[in-house]
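Colleague: Handing you a structure now.
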Amino acid sequence: MKSLIEKTSDKLVNAFLKNKIIAPIPSKFCKKINEAQKLRKLCESKIKLPVIGFKAAGTGIPLIKKLKEKEPFYASVYEKNVLKNGKIVKINKSTLGIELEVCYKIKRSFFSSKGIITMKNISKYISHIAPCIEVVGYRQRKKGITSFGDLCSDFGANIKFLIGPKKKYKKFNVGNLKTNISNKKINQSVSGNTNTVYVNPLNSLRFVLNKVKKDKKNLNKDFWVFTGSSVGVVPIKGKGIFIGKIDKLGSVKAAIK
């Protein structure tokens, strides 16, 4: 007989691979982050698709405090969920919203590094930086966020990522950049700032890299890290072209259908 966590992971993995929406999973895997982490890791171990990187989630400090968590968490990002700038993303009733974030391309040399990653040594592992849109949502018929466990248990609730034009990384302050995501067709516009992302995106990157190192992940190739939303989770109020802009970095587009 399979355990409950085995049965639940099988259902989630099948939904992930076949782009299906399933009934909500048992609440015991969503309430506490430790239980959600166990389920996420089990699910990821069963997926043999190429991993293109990792995402930080729960990076808003007010949200961390509100939900009484200690820190964000991270999840793997699969190649099949990363699209070129401007491509179409189909949404459904379980889609939570759209986010705008800073992402980094990390050199494969990171995996052979020793010791912890600090704000002083992190730059030598970064090759590129880019703006990114993430469409977030569940593979379950449920809405809203009551805990980090809701997001973590469902692969970090990542549906699709769209990466804007990348730039060679040069040291500059990403801690106080104005951001905006908008859809002119439906007159929706939300502004934000990179300083809402776990102090700043570079600190969020440091957090993810140290977690990856602790968990002994090794992709043996360059990879992306998506650092968390600068505008929160913006509800998608209508279809059309969403344009995200980050000062000094540029813009990225997603066609929501």
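The values are calculated or read from the model by the stated rules, or taken from the named source; none is laboratory data. Since we're looking at a predicted model, the values are computed, not measured. Glycine also receives a Cβ, built like all others from the backbone with ideal geometry; neighbour counts cover every protein chain displayed.
Colleague: Being touching a residue at least 24 places away in the same chain (Cβ under 8 Å), assigned to a strand (DSSP E or B) and among the β-branched types (Val, Ile, Thr) narrows it down to one residue among Ile5, Ile52; which is it?
Modeller: Only one candidate qualifies: Ile52.
Colleague: Here is a list: Ser123, Ser113, Ser147, Ser109. Which entry is of a type in the set (Gly, Ala, Ser), surrounded by fewer than 12 Cβ atoms within 10 Å (Cβ to Cβ) and touching a helix residue (DSSP H, G or I) at 6+ places or on another chain (Cβ under 8 Å)?
Modeller: Ser109
Colleague: Does any residue of region 239-249 turn out to be in contact (Cβ under 8 Å) with a residue 12 or more places away in the chain, in a strand (DSSP E or B) and touching an Asp or Glu at 6+ places or on another chain (Cβ under 9 Å)? Reasoning before the result, please.
Modeller: Residues of region 239-249 that are in contact (Cβ under 8 Å) with a residue 12 or more places away in the chain, as a first pass: 239-249.
This time we only want the ones that are in a strand (DSSP E or B), so: 240-246.
If we keep only those that are touching an Asp or Glu at 6+ places or on another chain (Cβ under 9 Å) as well, we get 244, 246.
Taking every residue of region 239-249 in turn, at least one turns out to be in contact (Cβ under 8 Å) with a residue 12 or more places away in the chain, in a strand (DSSP E or B) and touching an Asp or Glu at 6+ places or on another chain (Cβ under 9 Å).
Colleague: Here is a follow-up. Residues that are at negative phi and either without any contact (Cβ under 8 Å) to a residue 24 or more places away in the chain or hydroxyl-bearing (Ser, Thr, Tyr) (or both): list the strands (runs of 3 or more DSSP E) wholly contained in region 79-152 that include at least 1 such residues.
Modeller: Because the criterion is at least 1 residues that are at negative phi and either without any contact (Cβ under 8 Å) to a residue 24 or more places away in the chain or hydroxyl-bearing (Ser, Thr, Tyr) (or both), the strands (runs of 3 or more DSSP E) in region 79-152 that meet it are 95-106, 126-137.
Colleague: For region 204-238, how many residues are of a type outside the set (A, V, I, L, M, F, W, C), closer than 14 Å to Pro131 by Cβ and not in a strand (DSSP E or B)? Working first, answer last.
Modeller: Of region 204-238, the ones of a type outside the set (A, V, I, L, M, F, W, C) are 204, 206, 210-211, 213-218, 220-222, 227-230, 232, 235, 237-238.
Pick out the ones that are also closer than 14 Å to Pro131 by Cβ and you get 227-230.
Narrowing further to those that are not in a strand (DSSP E or B): 230.
Counting residues in region 204-238 that are of a type outside the set (A, V, I, L, M, F, W, C), closer than 14 Å to Pro131 by Cβ and not in a strand (DSSP E or B) gives 1.
Colleague: Give me a count of the residues in region 185-203 that are part of a loop (DSSP other than H, G, I, E, B) and surrounded by 17 or more Cβ atoms within 10 Å (Cβ to Cβ). Working first, answer last.
Modeller: At the first step, the residues of region 185-203 found to be part of a loop (DSSP other than H, G, I, E, B) are 187, 198-200.
With the extra rule that they be surrounded by 17 or more Cβ atoms within 10 Å (Cβ to Cβ), the set shrinks to 198, 200.
Residues in region 185-203 being part of a loop (DSSP other than H, G, I, E, B) and surrounded by 17 or more Cβ atoms within 10 Å (Cβ to Cβ): 2 in total.
Colleague: Let me ask something additional. Residues of region 156-184 being charged (D, E, K, R), assigned to a helix (DSSP H, G or I) and at pLDDT below 95, which ones?
Modeller: none
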